[in-house]
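The structure under discussion appears below in the form of structure tokens.
The values are calculated or read from the model by the stated rules, or taken from the named source; none is laboratory data. These numbers were taken from a predicted model, which means no experiment stands behind them. Neighbour counts run over all protein chains shown; Cβ positions are idealised from the backbone, glycine included. Each accessible area value is taken on the protein alone, full model and side chains, heavy atoms only, with ligands, DNA and RNA left out. Shrake-Rupley method; radii C 1.70, N 1.55, O 1.52, S 1.80 Å.
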Amino acid sequence: MPTEQLTRPDDIIQPFRIDPFALRGRLVRMGPTVDRILSQHEYPEPVATILGEAITLAVVLSGMLKYEGIFTLQTKGDGPIRLIVADVSTEGAVRGYAQYDAERLETAQSRMNGANPSVPDLIGGGYIAFTVDQGEHTERYQGIVEIAGATLAECAQHYFRQSEQIQAGIKLSVARAGENGAWRAGGLMLQRVPPEGGYKVIADDVEDGWRRAMVLMSSATPGELVDPELPPRRLLFRLFHEDGVRVFETHPIEARCRCSRERIARILGSFPKNDIDEMRQDPVTTVTCEFCNTSYEFSPDELAPLDS
Ligand SMILES: [Zn+2]
């Protein structure tokens with residue numbers, strides 16, 4: 001393996017394990033990837049920040065995919081941010097967008113008086129859905145949980161406790177490098193995966209190991225999670241070296257949308273004939289991809305039902 005890949009500090013998923021206590025984890029670091037996604041839109045700061053967190057969470061959780069596929073995280077709420085979508089493919093292609101009400105966001109912000117907005121402030125009441133799509137011949141998995149928590153990380157932890165009975169700890173951080181600088185993001189997840197054939201240490205030690213790892217994990221500061229000068233491996237060793245952390249090969253991630261002219265033409269072609277006839281009255285029909293903000297233009301001649 002080339003050394004460069006081992007040490008590249010940005011746009012990677014770094015899996016790790018703490019074997020004595022059967023803990024598995026992933027550290028996610030994003031630089032250009034998250035900056036590109038958030039810069040494709042002109043989101044107000046709180047919207048960009050929480051979308052950045054949702055993208056980081058989706059990348060952290062995408063490690064649960066066992067086969068080729070797409071992991072999607074979606075929030076729907078009655079607050080100023082109606083919708084957030086973030087998805088990640090097994091190849092590491094990441095994208096995301098948010099829909100929000102600018103007026104309601106401003107009202108909420110003025111009410112908060114400069115304090116950091118929480119998930120209830122921004123998303124309101126609603127739910128978070130996690131979808132795993134592993135292709136045509138597999139069953140689509142979807143998990144849904146009510147929004148309960150001040151941060152997206154708390155909401156996800158709540159989900160694991162409630163629905164999956166998995167003990168997991170998650171930390172997320174999104175920040176800009178200086179005022180109006182490039183966006184950066186970091187995420188850390190630790191989960192308990194009881195080993196087949198039982199533990200090799202006594203039960204009390206396993207409990208202690210888990211509790212200590214959670215305390216160590218929470219000692220990582222939001223700044224450290226996004227610090228470009230602190231390589232992911234160094235951060236992991238700093239946190240968990242006493243418990244024998246082992247790091248594995250990293251997976252690269254990048255900002256890449258799956259939209260294309262052909263794909264959008266196919267969607268338009270699947271509309272009812274009346275709708276297509278109506279679109280053809282306009283000299284140009286423009287469709288903009290919500291994820292990456294790319295616009296595609298179609299002339300009346302290019303619009304036709306799929307079966308014609
Ligand atoms: Zn797109």
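How about region 136-165: which of its residues are open to solvent by 50 Å² or more (accessible area, probe 1.4 Å) and touching a residue at least 60 places away in the same chain (Cβ under 8 Å)?
Thr138, Thr151 - these are the residues of region 136-165 that are open to solvent by 50 Å² or more (accessible area, probe 1.4 Å) and touching a residue at least 60 places away in the same chain (Cβ under 8 Å).
I'd like the residue in region 45-55 that is aliphatic (A, V, I, L, M) and over 12 Å from the mean Cα position of the chain (by Cα) and, out of all such residues, is surrounded by the fewest Cβ atoms within 10 Å (Cβ to Cβ).
Here the residue is Ala48.
Could you go through region 270-277 and let me know if any residue there is aromatic (Phe, Trp, Tyr), outside any helix (DSSP H, G or I) and within 16 Å of the ligand (Cβ to nearest atom).
Within region 270-277 (the criterion being aromatic (Phe, Trp, Tyr), outside any helix (DSSP H, G or I) and within 16 Å of the ligand (Cβ to nearest atom)), the answer is no, since none of the residues qualifies.
For region 271-280, what are the residues that are touching a Pro at 6+ places or on another chain (Cβ under 8 Å) and either more than 10 Å from Leu303 (Cβ to Cβ) or at pLDDT below 90 (or both)?
Residue satisfying the conditions is Lys273 alone.
Here are some conditions: (1) away from the ligand (no atom under 16 Å from the Cβ); (2) surrounded by 15 or more Cβ atoms within 10 Å (Cβ to Cβ). Ile264 meets all but one. Which one does it not meet?
(1)
Pull up region 81-121, narrow it to residues that are without any contact (Cβ under 8 Å) to a residue 60 or more places away in the chain and of a type in the set (Lys, Arg), then point me to the one that is farthest from Val59 (Cα to Cα).
Per the criteria, the residue is Arg111.
Pairs please, first residue from region 277-292 and open to solvent by 80 Å² or more (accessible area, probe 1.4 Å), second anywhere and away from the ligand (no atom under 14 Å from the Cβ) and part of a loop (DSSP other than H, G, I, E, B), Cβ atoms under 7 Å, 6+ apart in sequence or on different chains.
Close Cβ pairs (under 7 Å, with a partner that is away from the ligand (no atom under 14 Å from the Cβ) and part of a loop (DSSP other than H, G, I, E, B)) amount to Arg280/Leu303.
Taking region 9-67, which residues are under 18 Å from Glu179 (Cα atoms) and hydroxyl-bearing (Ser, Thr, Tyr)?
Listed by number, the residues that qualify are Ser39, Tyr43, Thr49.
In the list Leu190, Leu225, Leu236, which residue meets the criterion of being in contact (Cβ under 8 Å) with a residue 12 or more places away in the chain, in a strand (DSSP E or B) and touching a strand residue (DSSP E or B) at 6+ places or on another chain (Cβ under 9 Å)?
Going through Leu190, Leu225, Leu236 in turn, just one is in contact (Cβ under 8 Å) with a residue 12 or more places away in the chain, in a strand (DSSP E or B) and touching a strand residue (DSSP E or B) at 6+ places or on another chain (Cβ under 9 Å): Leu190.
Determine whether Ala58 is among the aliphatic types (A, V, I, L, M), at pLDDT 95 or above and either over 18 Å from Pro228 (Cα atoms) or surrounded by fewer than 15 Cβ atoms within 10 Å (Cβ to Cβ) (or both).
Criteria met by Ala58.
Before we move on, is Arg192 at pLDDT 85 or above, basic (Lys, Arg) and out of contact with any Ser or Thr (no Cβ under 9 Å at 6 or more places or on another chain)?
Against the criterion (at pLDDT 85 or above, basic (Lys, Arg) and out of contact with any Ser or Thr (no Cβ under 9 Å at 6 or more places or on another chain)), Arg192 qualifies.
Given the condition outside any loop (DSSP other than H, G, I, E, B), within 14 Å of the ligand (Cβ to nearest atom) and out of contact with any strand residue (DSSP E or B) (no Cβ under 6 Å at 6 or more places or on another chain), answer yes or no: does some residue in region 284-302 qualify?
Scanning region 284-302 turns up no residue that is outside any loop (DSSP other than H, G, I, E, B), within 14 Å of the ligand (Cβ to nearest atom) and out of contact with any strand residue (DSSP E or B) (no Cβ under 6 Å at 6 or more places or on another chain).
Considering only residues that are under 22 Å from the mean Cα position of the chain (by Cα), β-branched (Val, Ile, Thr) and closer than 19 Å to Ala168 by Cα, look in region 218-261 and name the one that is surrounded by the most Cβ atoms within 10 Å (Cβ to Cβ).
Only one residue fits best here, namely Val247.
I'm trying to understand the selection: among the residues of region 61-76, which are open to solvent by 20 Å² or more (accessible area, probe 1.4 Å) and part of a strand (DSSP E or B)?
Matches in region 61-76: Ile70, Thr72, Gln74, Lys76.
So Pro305 passes all but one of these: (1) assigned to a loop (DSSP other than H, G, I, E, B); (2) open to solvent by 70 Å² or more (accessible area, probe 1.4 Å). Which condition number does it fail?
(2)
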